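**Q** Below is one structure. I have some questions about it.
The values are calculated or read from the model by the stated rules, or taken from the named source; none is laboratory data. Not measured: the values here are computed from a predicted model. Every residue, glycine as well, gets a Cβ built from its backbone with ideal geometry; the counts of neighbours run over all protein chains shown. Just the protein is used for accessible areas: all its heavy atoms, side chains included, with ligands, DNA and RNA removed. Shrake-Rupley method; radii C 1.70, N 1.55, O 1.52, S 1.80 Å.
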Amino acid sequence: MAAALIWIPLLAGLLAGLWGTEAQQTTLHPLVGRVFVHTLDHETFLRLPEHVALPPTIPVTYHAHLQGHPDLPRWLRYTQRSPHHPGFLYGTPTPEDRGRQVIEVTAYNRDSFDTTQQRLVLLIGDPEGPLLPYQAEFLVRSHDVEEVLPSTPASRFLIALGGLWEPGEFQLLNITSALDRGGRVPLPIEGRKEGVYIKVGSASPFSTCLKMVASPDSHARCAQDQPPLLSCYDTLAPHFRVDWCNVSLVDKSVPEPADEVPTPGDGILEHDPFFCPPTEATARDFLTSALVTLLVPLLVALLLTLLLAYIMCCRREGRLKRDLATSDIQMVHHCTIRGNTEELRQMAASREVPRPLSTLPMFNVRTGERLPPQVDSAQVPLILDQH
């Protein structure tokens, strides 16, 4: 009873604290066709006082989902290397994702088991500025996805890419882990990375160097384990090790021709000299074929039945014919044996001979003695000489 009285105030205080806690709300503005990256920092969720420094060893994990749904929207991904590293929400919204989306993020303190919630309001709109019809995608082998999500590495990649492209403004369109594209998890060896795909768009056309790298001749050399055709200096090295055999270029400056809408016709095929179906079918009489198919098997079955009946019923020899065909000596011998057998059977049925001693109960084969009837046979041993 005393323990129950102690727990009641504690539960009441905990529930009051939960009810009084309101989730933080942050408004963000992703753009359609542009990469969106939001960092989940430990400092934002732990809510430590200003004069208290954040311990670097506090492990914190996150769980994010779309409000009213168990998972994130299809365009948004979440990654975190370990509980001691920050988490990232990243992705590229599509035109179908325009509008308002609310992402609920829950942070778990693995030391104190405290939880903190934050609500991210995403107002997805269209980007401003010129279109980016020239798009290139690079596979960077020297980085993991969470290493290029911060703004500093991403800006460094765009600046280094300017030496391989025509001068212009570059925008990050998408960032995808190589594991999401079917890549293998690297061995736990220092220097091995998962790899990341980085997609960049620009209003400036591709340079001759990039066109040569993505040419069919360059892909053919890569298929033969030869270096690709790179005619310019690799300005991305040594900070970014790009796999030049996995470079893809997309040119959207030339609009694609619209698909022709099929025109409904009258349903009649045009004349084709190679296909001339008959205009009318010749009338046929199937009565003869039906009679042959049914009557011929029936007649054959009837003939076989009559033949079998004649053999079994009309070809029997009979007992008289059998006796006439047998010699007299054999018949006398057979009748003698049969008569003697019947006589022996009658004598055996009427004889009054005492039963053999071996068939009587408790008969001793060696002495020939029988036990008296009053002796309990259950108490007498089977072998009388043993006690």
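**Q** For the pair residue 225/residue 331, report the inter-label distance in nm, with labels modelled 7 Å from Cα in the Cβ direction.
**A** Label-label distance for residue 225 and residue 331, simple model: 10.4 nm.
**Q** Also: Once you put a point 7 Å from the Cα of residue 308 and another 7 Å from the Cα of residue 25, both along the Cβ direction, what distance in nm separates them?
**A** 9.4
**Q** Just read off the accessible area of residue 193 with the full protein assembly in place, 1.4 Å probe, to the nearest 10 Å².
**A** Around 70 Å² of this residue is reachable by solvent.
**Q** Further, regarding this structure: Which cross-chain or sequence-distant (5 or more) residues have an amide H under 5 Å from the amide H of residue 87, H modelled 1.01 Å from N in plane?
**A** 40
**Q** Here's a follow-up. May I ask you to give the percent of accessible area on segment 129-255 that is carbon plus sulfur, with a probe radius of 1.4 Å?
**A** Its accessible area is 54 percent carbon and sulfur atoms.
**Q** Of the heavy-atom accessible surface of segment 23-127 (probe 1.4 angstrom), what whole percent is carbon and sulfur?
**A** Ligands and nucleic acids excluded, carbon and sulfur give 51 percent.
**Q** Using a 1.4 Å probe, how large is the accessible area of residue 347, given in Å² and rounded to the nearest 10?
**A** That residue has around 110 Å² of solvent-accessible surface.
**Q** Can I ask one more? Round to the nearest 0.05 the FRET efficiency obtained for residue 80 and residue 260 when R0 = 35 Å and r is the Cβ-Cβ distance.
**A** Here the calculated transfer efficiency is 0.10.
**Q** Given H placed on each backbone N at 1.01 Å, which residues far from residue 214 in sequence or on other chains put an amide H within less than 5 Å of it?
**A** For residue 214, no residues qualify.
**Q** Express in Å², to the nearest 10, the accessible area of residue 334 obtained by rolling a 1.4 Å probe over the protein heavy atoms while all chains stay in place.
**A** The value for residue 334 is about 100 Å².
**Q** Send over a whole-number figure in Å² for the accessible area per residue of segment 129-255, probe 1.4 Å.
**A** For segment 129-255, the per-residue accessible area is 54 Å².
**Q** Still on this structure, I have one more. On average, how much accessible surface per residue is there in segment 300-352, in Å², for a 1.4 Å probe, leaving out ligands, DNA and RNA?
**A** Accessible area per residue, segment 300-352: 103 Å².
**Q** Among the lysines, which fall within straight-line cross-link reach of residue 199, defined as a Cα-Cα distance under 21 Å, with same-chain neighbours fewer than 8 residues apart omitted?
**A** 211, 252
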